[in-house]
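Input: a single structure, listed below in structure tokens.
The values are calculated or read from the model by the stated rules, or taken from the named source; none is laboratory data. Given the structure is predicted, the values throughout are model-derived calculations rather than measurements. Counting neighbours? That spans all protein chains shown, and the Cβs are built from the backbone with ideal geometry, glycine included.
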Amino acid sequence: MTPWPGHVQGVAELAGLAYVLAMAMDTPAPETVRDYPRPPRIEPVSRRLRIVFADQIIAETRAALRVLETHHPPTYYLPVTAFHPGVLQSAPGSSFCEWKGHSRYWSVAAGGRIAHQAAWDYPAPTPAFAALRDHVAVYAGKMDACFLGEERVRPQPGGFYGGWITDDLVGPFKGEPGTAFW
């Protein structure tokens, strides 16, 4: 007798096959955001990130960081040097994260267009998140397009969070209706 009912075993076998195929194709295996840590964790990202605004690439890097936090798609932080000169303009406003500290906002300007408060950074992050110093994150929904590798990302739902959703992520994601008090 199998330890699982047939349909559950079949799902497990398919999940295992998906993992093997993902590894063979050099693509990430599916990640479930429910399994991300709290407090959040920072990881280096070697995959190419590109941000397009006003029909031009305004930032590009293979040296980004991602922050993983329970129920959030990853938030990607690019080195400030990955942005073309003059693209980031100081913007009013700030917020506070219990883990990372005080943020400041940036508007993104290119090609005669401006996306107000479209990016943020932590100029003096907490010691645990010191690696985020001199790195900037953008709201994917305020850009023309953001790419992780060759995949165009989707913005995290809601107007507050800045995660990037890719095909290898499994939700539900914070920001969707009914998740305000998670």
Qualifying residue in the range 39-58 (condition: among the acidic types (D, E), in contact (Cβ under 8 Å) with a residue 12 or more places away in the chain and outside any strand (DSSP E or B)): yes
Positions within the range 153-166 being surrounded by fewer than 20 Cβ atoms within 10 Å (Cβ to Cβ) and in contact with a Ser or Thr (Cβ under 9 Å, 6 or more places away or on another chain), in sequence order: R154, P157, G158, F160, Y161
Complete set of residues in the range 89-143 that are aromatic (F, W, Y), under 14 Å from the mean Cα position of the chain (by Cα) and either part of a strand (DSSP E or B) or surrounded by fewer than 18 Cβ atoms within 10 Å (Cβ to Cβ) (or both): W120
Where T126 falls short, out of the listed (1) in contact with a Lys or Arg (Cβ under 7 Å, 6 or more places away or on another chain); (2) at pLDDT 95 or above; (3) within 14 Å of G162 (Cβ to Cβ): (3)
Selected residue (criterion: surrounded by the fewest Cβ atoms within 10 Å (Cβ to Cβ)) from residues of the range 69-88 that are part of a strand (DSSP E or B) and within 16 Å of the chain's Cα centre (by Cα): P79
